[in-house]
1. Would you point out which residue out of B:T125, B:T103 is within 14 Å of chain A (Cβ to nearest Cβ) and out of contact with any Asp or Glu (no Cβ under 6 Å at 6 or more places or on another chain)?
2. Tell me, yes or no, whether the range B:233-244 has at least one residue that is buried (at least 20 other Cβ atoms within 10 Å of the Cβ) and of a type in the set (D, E, K, R).
3. Considering (1) under 27 Å from A:I12 (Cβ atoms); (2) more than 18 Å from the chain's Cα centre (by Cα); (3) within 11 Å of another protein chain (Cβ to nearest Cβ), say which one A:Q46 fails and leave the rest.
4. Would you be able to say whether some residue in the range B:151-170 is without any contact (Cβ under 8 Å) to a residue 24 or more places away in the chain and within 17 Å of B:Q243 (Cβ to Cβ)?
5. Name the single residue that is nearest to B:M204 (Cα to Cα) among those in the range B:260-285 being buried (at least 17 other Cβ atoms within 10 Å of the Cβ) and not hydrophobic (A, V, I, L, M, F, W, C).
6. I'd like to know if the range B:286-307 contains one or more residues that are surrounded by 14 or more Cβ atoms within 10 Å (Cβ to Cβ), within 14 Å of chain A (Cβ to nearest Cβ), free of Cβ contacts under 8 Å to residues at least 24 places away in the same chain and not in a loop (DSSP other than H, G, I, E, B).
7. So, of the residues in the range B:101-148 that are over 16 Å from B:D288 (Cα atoms) and among the polar types (S, T, N, Q), which turns out to be farthest from the chain's Cα centre (by Cα)?
8. B:D102 passes all but one of (1) surrounded by 22 or more Cβ atoms within 10 Å (Cβ to Cβ); (2) over 30 Å from B:F275 (Cβ atoms); which number fails?
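Nothing in this text is a laboratory measurement; each read-out follows from the coordinates by a stated rule. Just so we're clear, the structure is a prediction, and the values are computed from it rather than from any experiment. With ideal geometry, Cβ positions are generated from the backbone for all residues, glycine too; neighbour counts draw on all protein chains shown.
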Amino acid sequence: MKKYLPLYEIFIRSKNGLHHKHVGSLHASDPQMAIMNARDVYTRRQEGISIWVIESKDITASNPTDSDAFYAPAEDKVYRHPTFYKLPDEVKYM
Amino acid sequence: MPFNAEQLNMELSLEQKFQEKIDRDERIEPRDWMPDSYRKTLVRQISQHAHSEIVGMLPEGNWISRAPSLKRKLGLMAKVQDEAGHGLYLYSAAETLGIERDTLIDQLHTGKAKYSSIFNYPTLTWADIGTIGWLVDGAAIMNQVPLCRCSYGPYARAMVRVCKEESFHQRQGFEILLSLCQGSPEQKAMAQDALNRWWWPSLMMFGPSDVDSPHTQQSMAWNIKRFSNDELRQRFVDMTVPQAELLGITVPDPELKFNEATSNYDFGEIDWDEFWQVVKGHGPCNKDRIAARVKAHEDGAWVREASMAYAEKQEQRKLNPIEVKTA
C-alpha cells in the first residue's frame with residue numbers, strides 16, 4: 001500500500017498579541033496544502049488569524065525520561081525569584 | 001525480551017511511578033513512559049472514537065440533498081463537516097501514540113476496528129436527522145464531557161474542542177423535532193416514529209452493562225474513564241425523558257417510570273442480543289457503511305497521489321531550477 005501523506009504539526013495564533021499555540025496535527029502533501037487543511041480542520045469558527053505548519057519529523061524534542069536531571073539546575077535557585085529578597089513593609093511599589 | 005530480575009524491577013518501578021502520576025490526577029503526554037496495555041487501550045478507544053465520527057457522517061449525509069429548507073441544509077452541512085473535523089482531531093490524537101494513519105484506516109476498512117453501532121441504523125425520514133442530533137449527539141456529549149479530563153493529554157485536548165462544537169449539533173436536532181412536533185399531525189407522527197426507532201439504540205451507545213464491560217475497571221483506574229457505562233446511561237435517561245415530554249412525544253418503554261426514592265427514571269431491559277448482533281456486523285447497515293468508506297478512500301487515491309507528485313516536483317524545481325533551452 002502506498003504511504004499516506006506526511007504528517008504536519010499545526011500552530012494557530014488566535015488573535016494578534018498572543019502566541020501561536022499547538023492545536024494538533026494533520027496530513028498533507030506539502031506545507032501549502034497543510035495550511036489550507038488546517039484552516040478547514042482547526043479554524044471553522046474563527047479560532048485563528050495566523051497558521052504555522054511544520055512537518056512533524058522536523059521537530060526535535062527534549063527527552064521526558066531525562067527531565068528530572070535536565071531541569072534540576074533551576075531547582076535550587078530561589079534567588080531568581082522576587083520573594084527571596086526581604087524588604088521592610090514600608091517599601092511600596094516594589 | 002527483557003527477562004532478568006533487574007530489568008523486571010525497573011519496569012515495575014516505572015509502572016508504579018506511572019500509576020502514582022495518574023493517582024495525582026496528572027496528565028500523560030505522548031513521549032512519557034506508559035505501560036503497553038495503557039497505550040493499546042488508548043489506541044483502541046481513540047481510533048474507535050475517530051472511526052465513529054467519520055462513519056457518523058454517512059447516515060446524516062444521506063439527507064443533505066433533501067433537507068426541507070436552506071436553513072436546515074446549511075445547519076446539517078455544518079454539522080457533517082464538524083464530524084469530519086472531530087474524526088481528524090481524534091486520528092491526530094491516536095497518532096501521537098505511535099500508530100500510523102494508514103494502519104488506522106486499514107483497521108476500519110478490514111473490520112478489525114469497531115465504530116459506534118448506532119451508525120449501522122438507517123435514516124429513513126427527515127425526523128431521523130432531528131432525533132440523531134437530539135439523542136445520538138446528546139449521548140455522545142454525555143460520554144465525551146468526562147473525557148475532557150481523561151489522563152491522556154492529547155485525547156483530553158481533542159475532547160475539549162469536540163465538546164465545544166457538539167452542543168450546536170444537539171440544539172439543531174432538537175429544534176428540528178420541535179418544529180415537527182408543533183406542525184401537522186403527520187409531522188408529529190413522524191417525530192414519534194423516529195423516537196421509537198432511535199431510543200433503544202441510543203441507550204446502547206453507552207456500551208454493555210457494567211457487569212459485562214471487561215475494560216471498565218482498568219480504564220477507571222487509569223483515569224481514562226471517569227464514570228461507568230450504567231452511570232452515564234442513567235444520567236442520559238434522566239436528562240432526556242423531560243425533553244421528550246416537552247416535545248409531546250412518548251419514549252417507547254412501558255417500564256419507564258420516575259422513582260421517587262432514587263430521583264432517577266427506572267427503565268426497561270435493553271435488548272442485548274440486538275446490541276451484540278450489531279456489534280458483530282449484523283446490523284441493518286454495517287456492510288453499506290464500510291463499503292461507502294472504502295469507496296471514498298479508493299476514489300480519493302488519485303487526489304493523494306497527484307498532490308504528492310506535485311509536491312515532489314515542486315521540491316525538485318527548488319533543487320534544480322529549470323534551464324530555459326533556446327533553439
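1. Working: B:T125 fails: within 14 Å of chain A (Cβ to nearest Cβ).
The conditions single out B:T103.
2. Yes: the range B:233-244 contains one or more residues that are buried (at least 20 other Cβ atoms within 10 Å of the Cβ) and of a type in the set (D, E, K, R).
3. (3)
4. Applying the first criterion (without any contact (Cβ under 8 Å) to a residue 24 or more places away in the chain) to the range B:151-170 yields B:159-160, B:163-164.
Now drop any that are not within 17 Å of B:Q243 (Cβ to Cβ), which leaves none.
There is no residue in the range B:151-170 that is without any contact (Cβ under 8 Å) to a residue 24 or more places away in the chain and within 17 Å of B:Q243 (Cβ to Cβ).
5. B:G283
6. yes
7. Top of the filtered list is B:T125.
8. (1)
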